[in-house]
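Encoded as structure tokens, the structure appears first; notes follow it.
The values are calculated or read from the model by the stated rules, or taken from the named source; none is laboratory data. Remember, predicted model here, so these are calculated numbers, not experimental data. All Cβ positions, glycine included, derive from the backbone under ideal geometry; neighbour counts span all protein chains shown. Surface accessibility is based on the protein's heavy atoms, side chains included, excluding ligands, DNA and RNA. Shrake-Rupley method; radii C 1.70, N 1.55, O 1.52, S 1.80 Å.
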Amino acid sequence: MGCGTSVTGSRAKKSERAIKAAILIQRWYRCYMARLEMRRQYALSIFQSIEYAEEQAQLQLSSFFTFMLDHFTHLNETDTGSDVQLLEYERTIEVPDSYHGPRLSFPLTVADTNSLLHAFKDQQHLHARYVVQLLHETKKVLKQMPNIIHLSTSYSKEITICGDLHGKLDDLLLIFYKNGLPSEENPYLFNGDFVDRGKNSVEILIILFAFLLVYPNHLHLNRGNHEDHIMNLRYGFTKEVMKKYRSHGKKILNLLQDVYSWLPLATVIDSKVLIVHGGISDTTDLDFLNLFKRNKMKSMLRPPKSSTERNHDLERTDFVEYSPIIRVKRCLPGQAIAVKGMTRPSSSSHRRRYTGDLLDAGEHRWLLHDGASSGPLLDAQYLECGVHMPSVPSELTAKEWKQVADILWSDPKNQNGCTPNKSRGGGCYFGPDVTARLLKRYNLKMLIRSHECKQEGYEISHDGQVITIFSASNYYEDGSNRGAYLKLNPDLIPRFVQYQVSKCTRKQTLHQRVSVVEWSALKSLREKLYSRRSELIAAFRQYDPNDTGRISATEWASAVESVLHLDLPWRTLRSRLVQLAPGGNVEYLSCFNDLEIKPAIKEVQPALVETLYRYRTDLEIIFNIIDKDHSGLISIEEFRQTWKLFNSHLKIDIDDESIDNLARSIDFNKDGSIDFNEFLEAFHVVNKFENK
């Protein structure tokens with residue numbers, strides 16, 4: 001009896017120790033996973049904050065880009081000609097016998113879509129002739145569609161809804177593999193942002209448009225905020241088209257502007273589910289959106305002019321200075337006007353007065369939401385004559401522009417109300433109350449939207465009334481997020497399917513995958529810090545009057561946010577970005593220690609190098625506007641004027657002599673031309689120890 005009791009007690013103690021050990025292991029594992037999840041979450045927050053800041057920067061420069069587009073004709077030539085002219089152009093494009101890619105014949109068949117899929121899997125390109133024909137046919141089909149498409153489901157025909165793809169062909173192919181190809185029995189809706197960022201935007205558009213032509217009643221497309229030719233200038237699609245179709249790229253890009261403008265704006269399923277790319281606002285009017293001529297909306301970054309601004313234009317003096325080197329005389333609409341060469345003023349302030357007068361009329365147009373630039377003000381060649389005034393201005397109204405801006409750019413928030421979307425610079429933040437009112441007004445049950453990268457590929461908010469679906473996996477970095485699509489049947493209960501294209505992350509542990517994403521996010525953030533180095537140091541020293549090189553963590557966080565405006569948890573991130581002193585203070589200069597901007601030209605002043613790096617993306621857009629043949633080359637004089645116009649608009653204090661010295665320095669072979677792409681690539685932030 002006694003012996004048995006002793007054995008039982010011993011077993012109980014062992015069991016108790018095992019339970020305690022298991023609990024400790026469980027706690028450790030939960031803490032470990034929580035830390036990993038926190039690292040993954042803040043990495044995603046860093047990526048998103050930087051992405052939205054870039055979008056905001058572009059929108060705030062919309063008036064400047066409007067000015068550039070209005071005065072450099074090759075991107076203003078949106079008239080693609082009549083159907084007869086397009087057919088004649090198509091016939092001039094010869095398909096050589098050496099071409100081994102798909103050969104399309106219209107009307108398209110399922111065999112054509114299959115051949116396209118196989119060709120793109122093998123990294124083949126579709127010949128330019130077929131691309132032009134495809135876009136022409138797509139435009140004709142889209143023109144027959146309403147602004148808001150109405151669809152219905154059945155238990156045998158669930159509708160598959162996909163979010164942003166952003167040029168990620170592997171994601172689209174994976175969706176088709178898992179869910180089947182589009183067909184009469186397998187309808188799809190793609191909710192905008194097909195292009196930009198990824199390397200295969202052209203192929204995605206071709207596939208989607210081809211299936212649209214084969215199944216116009218079973219494959220549907222909503223317009224996204226990146227179906228916009230000015231957005232494409234910044235985020236890569238324009239460059240991709242010109243790289244793949246150099247000889248015919250200009251015609252393809254002009255055709256795409258038309259195709260974008262005819263894409264439907266929204267879809268309603270079973271009269272209960274509204275699907276738009278971005279979101280809604282407290283003024284969203286579906287009846288109004290369904291009636292206006294949507295093809296007037298060529299770009300959200302070219303808002304309509306207010307009546308005040310139009311009157312201001314009409315009351316201008318006889319001569320208007322457009323830049324330091326051209327002079328335009330006003331004439332009657334449609335009448336040719338003279339352009340005379342001018343001597344550049346010696347004074348930089350004199351130069352600013354010329355361009356500043358022209359640019360300041362609509363400097364805050366996007367943020368005010370009350371209209372801005374109309375269609376082409378001029379039809380001019382850069383540094384050439386032949387300028388013409390339009391006879392008919394754009395008919396787009398401020399109300400039409402704002403209604404579309406809100407559904408393409410807005411994001412949901414948890415708080416009630418509707419406020420300007422300051423993170424992106426366009427659209428609004430809409431709360432649960434705004435959602436509830438709109439759904440009640442139109443007798444709807446649910447809003448499905450895209451527009452935002454979500455870690456799991458989807459997110460449900462506003463008490464289940466708003467669903468965000470995002471279909472581009474690994475959007476920021478391999479392993480950064482899953483992609484997802486959803487399926488709807490008549491019960492209108494969404495069924496989500498998640499996936500992740502994993503070529504290089506498949507064999508990595510979770511810790512390794514998170515570390516890669518975190519490292520990439522922090523690298524992007526450090527580059528952002530370095531690009532604003534001078535401003536940050538000035539902000540830090542306001543808290544350090546004795547120049548000790550140290551400030552408190554709170555002061556450091558406040559200074560960084562005051563300059564970058566990224567709304568990040570800086571106190572949490574400080575240990576990953578700066579060195580901490582023994583007393584807990586921050587050694588603020590240490591956040592720049594491991595990085596340097598690496599210019600290829602030693603003669604360039606450090607201050608100019610930093611400025612060039614900070615605005616390199618905007619300069620690239622301006623370059624693409626000026627580079628009429630997309631050769632990658634511009635003249636030294638064009639480069640000077642590019643910077644001077646930009647300088648005038650942003651009031652950057654860089655003198656003319658520095659710009660002239662820079663222009664001469666980067667003309668490596670002294671032929672009077674600059675390879676602008678190589679120049680931009682030369683100015684980038686590198687880790688000092690990367691290659692050592």
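Each peptide among 571-577, 554-560, 11-17 gets the average number of other Cβ atoms lying within 10 Å of its residues, and from highest to lowest they stand as 554-560, 571-577, 11-17.
Decide, for region 509-603, between rounded, prolate and oblate: order the square roots of the alpha carbon gyration tensor eigenvalues as a ≥ b ≥ c, take rounded if a/c falls under 1.5, and otherwise choose prolate if a/b is larger than b/c, else oblate. Oblate shape, in that a/c is at least 1.5 and b/c is the bigger or equal ratio. What does the net charge come to around Val259 if you take all other residues with beta carbon closer than 9 Å to its beta carbon, with K and R at +1 and D and E at -1? So the surrounding residues net to -1.
Per residue, the accessible area of region 75-183 comes to 49 Å², computed with a 1.4 Å probe over protein heavy atoms only.
With a cut-off of 11 Å between beta carbons, the residues surrounding Ala34 carry a summed charge of +4, where Lys and Arg count +1 and Asp and Glu -1.
Take region 456-568 with all the other protein chains still there, run a 1.4 Å probe, and you get 46 Å² of accessible area per residue.
Checking the Cα-Cα distances for Lys250/Lys454; Lys168/Lys251; Lys199/Lys251 against a 26 Å cut-off, the pairs over it are Lys250/Lys454.
Taking the accessible area of region 221-309, probe 1.4 Å, and keeping the other protein chains in place, the carbon and sulfur fraction comes to 52%.
Label positions at Arg616 and Leu580, each projected 7 Å from the Cα along the C-beta direction, are separated by 3.3 nm. In this structure, Glu561 and Glu184 have a Cβ-Cβ separation that, at R0 = 56 Å, corresponds to a calculated FRET efficiency of about 0.55.
Taking other residues whose beta carbon is less than 10 angstrom from the beta carbon of Ser480, and scoring Lys, Arg as +1 and Asp, Glu as -1, yields 0. Protection proxy ranking, highest mean first, for peptides 161-173, 444-456, 83-95, 194-206: 161-173, 194-206, 444-456, 83-95, where packing is the per-residue count of other beta-carbon atoms within 10 Å, averaged. Annotation: amide H-H contacts under 5 Å for Gly425 (H modelled 1.01 Å from N, sequence separation of 5 or more, or interchain): none.
Report, in listed order, any pair from Lys140/Lys298; Lys139/Lys298; Lys399/Lys440 with a Cα-Cα distance greater than 19 Å. In this structure, Lys399/Lys440 exceed 19 Å between Cα atoms. Summarising the label geometry, the points placed 7 Å from Cα in the beta-carbon direction at Asn416 and Ser82 lie 5.9 nm from one another.
Kirkwood hydrodynamic radius, computed over distinct alpha-carbon pairs, for region 134-286: how many Å, to one decimal?
For region 134-286, the Kirkwood estimate is 15.9 Å.
Annotation: extensible slack from Glu459 through Asp287 equals 59.1 nm (criterion: 0.36 nm per residue apart, minus Cα-Cα distance).
Leaving ligands, DNA and RNA out of it, report the carbon-plus-sulfur percent of the accessible area of region 148-213 at a 1.4 Å probe. Mind dumping the intermediate values first?
Working: 1000 of 2040 Å².
The nonpolar share, carbon plus sulfur, comes to 49 percent.
Of the accessible area of region 423-516, computed with a 1.4 Å probe over protein heavy atoms only, carbon and sulfur atoms account for 46 percent.
Spacing of the modelled spin labels on Asn217 and Lys121, each 7 Å from Cα toward Cβ, amounts to 3.0 nm. Our estimate of slack between Asn443 and Glu16, defined as 0.36 nm per intervening residue step minus the Cα-Cα distance, is 147.8 nm. Rg/Rh for region 425-470 (Cα atoms only, Rh after Kirkwood) is 0.99.
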